[in-house]
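The values are calculated or read from the model by the stated rules, or taken from the named source; none is laboratory data. Since the model is a prediction, treat every value here as computed from it, not as a measurement. Glycine gets a Cβ as well: all are built from the backbone with ideal geometry, and neighbour counts include every protein chain shown. Side chains are part of the model used for accessible areas, which takes the heavy atoms of the whole protein and leaves out ligands, DNA and RNA. Shrake-Rupley method; radii C 1.70, N 1.55, O 1.52, S 1.80 Å.
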Amino acid sequence: MRSYVVASAPHVRVHVRDLGLACCAVEFASAVASGLLLPAPVDDAGAGALNVLVVSGTVTDALAPAVLDEWQALPEPKAAVSFGACSNSGGPYWDSYSVTPGIDTVIPVTTYVPGCPPRPEALVAALVSVGGAAA
Amino acid sequence: MNAIPEGARGFITLDAAACTSCMICVRECPDWCIEIDSHTEQVSEPGARRPRSVAVLDRFTIDWSLCMYCGICVEVCPFDALHWSSAYDYPARERRELRHGIDDLGLPPAGSSEFTA
Ligand code: SF4
Ligand code: SF4
């Protein structure tokens, strides 16, 4: 699991396991590359830090058990962010036989980020809102 | 925070007064995000030969959990009732909160980057 802190709100410490399954993951990478998310110091796994699972991209029914495994492996306290239309609802593929129509059919979602893909800044806004609510 | 580029596609506002309930956006949306309910009313004007039928928009929803921000609805609307906004930050705690109705679509979402009271 990779850990990041939100550059614009250093008090929000989030440990993010980015489960990038499709094009939305590029926006996650962009949030890191543009410095909106900063790699956390190695000793930052401190008590009380919120573990956030960011699921971005199209989840198929074949992949859904892997998402569930990731969620179950994540230590408490934890939250799940659904990033983008595909993980929110299935997106353009909501009527496909093989696509999971929203990851909230698999794991409990704390925050849904709309977008196709959402901007990197939208990820940061969602992380701040999740981290702020948990603090 | 980085500057959001001008013209970024983040949200679509509805000018309900301009919408004629023609359903073109509903039919063209590849994702079936848009739902409309409407009814027609007869309007009688003094001197007119017969009453006019006027479409009245009862419900207009966009489901942002489905939308792929392709802009087809904006492009095809013959009455310029749909407009892009660059608001990007309107995450929701419940998926159903991403279904926005007439009242939610008039302006960019409250609290978002483009919201002005
Ligand atoms: S932008 Fe595209 S997907 Fe979204 S409501 Fe309009 S037509 Fe549908
Ligand atoms: S295409 Fe334009 S006028 Fe027609 S229903 Fe859609 S928003 Fe209203």
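What pairs come up if the first residue lies in segment A:49-64 and is hydroxyl-bearing (Ser, Thr, Tyr), the second is crowded, with 24+ Cβ neighbours inside 10 Å and outside any strand (DSSP E or B), and their beta carbons are under 6 Å apart, counting only those six or more places apart or on different chains?
Partner pairs satisfying both residue conditions: A:Ser56/A:Cys24; A:Ser56/A:Phe28; A:Ser56/A:Gly84; A:Thr58/A:Cys86.
When the residues of segment B:8-30 are narrowed to those that are open to solvent by less than 50 Å² (accessible area, probe 1.4 Å) and closer than 20 Å to B:Ala110 by Cβ, which ends up nearest to ligand 2 (Cβ to nearest atom)?
B:Leu14
Could you list, in sequence order, all residues of segment B:93-106 that are farther than 19 Å from A:Ala79 by Cβ and open to solvent by less than 70 Å² (accessible area, probe 1.4 Å)?
B:His100, B:Gly101, B:Ile102, B:Leu105, B:Gly106
So, in segment A:17-50, how many residues would count as being modelled with pLDDT of 70 or more and open to solvent by less than 70 Å² (accessible area, probe 1.4 Å)?
Adding up the residues that qualify gives 18.
Within segment B:31-79, which residues are surrounded by 17 or more Cβ atoms within 10 Å (Cβ to Cβ), touching a Cys at 6+ places or on another chain (Cβ under 7 Å) and away from chain A (no Cβ under 12 Å)?
Residues satisfying the conditions are B:Ile34, B:Leu57, B:Phe60, B:Cys73, B:Cys77.
Among (1) touching a helix residue (DSSP H, G or I) at 6+ places or on another chain (Cβ under 6 Å); (2) at pLDDT 85 or above, which single condition is A:Ala125 missing?
(1)
Could you list, in sequence order, all residues of segment A:80-95 that are out of contact with any Gly (no Cβ under 7 Å at 6 or more places or on another chain), hydroxyl-bearing (Ser, Thr, Tyr) and part of a helix (DSSP H, G or I)?
Within segment A:80-95, just A:Tyr93 meets the criteria.
Name the strands (runs of 3 or more DSSP E) wholly inside segment B:1-115 in which the number of residues that are within 12 Å of ligand 1 (Cβ to nearest atom) and acidic (Asp, Glu) is 1 or more.
Qualifying strands (runs of 3 or more DSSP E): B:34-43, B:52-63.
In this structure, is B:Tyr90 surrounded by 12 or more Cβ atoms within 10 Å (Cβ to Cβ), hydroxyl-bearing (Ser, Thr, Tyr) and in contact with a Lys or Arg (Cβ under 9 Å, 6 or more places away or on another chain)?
So B:Tyr90 fails the test.
Here's the yes/no breakdown for (1) surrounded by 20 or more Cβ atoms within 10 Å (Cβ to Cβ); (2) farther than 30 Å from B:Trp32 by Cβ; (3) more than 10 Å from chain B (Cβ to nearest Cβ):
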{"site": "A:Val52", "(1), (2), (3)": "yes, yes, yes"}
{"site": "A:Asp61", "(1), (2), (3)": "no, no, yes"}
{"site": "A:Val67", "(1), (2), (3)": "yes, no, yes"}
{"site": "A:Gln72", "(1), (2), (3)": "no, yes, yes"}
{"site": "A:Tyr97", "(1), (2), (3)": "no, no, yes"}
{"site": "A:Pro108", "(1), (2), (3)": "no, no, yes"}
{"site": "A:Thr111", "(1), (2), (3)": "yes, no, no"}
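Do we have any residue at all in segment B:52-64 that's in contact (Cβ under 8 Å) with a residue 12 or more places away in the chain and small (Gly, Ala, Ser)?
There is at least one residue in segment B:52-64 that is in contact (Cβ under 8 Å) with a residue 12 or more places away in the chain and small (Gly, Ala, Ser).
Is it fair to say A:Pro120 is touching a Cys at 6+ places or on another chain (Cβ under 9 Å) and facing chain B (nearest Cβ under 10 Å)?
no
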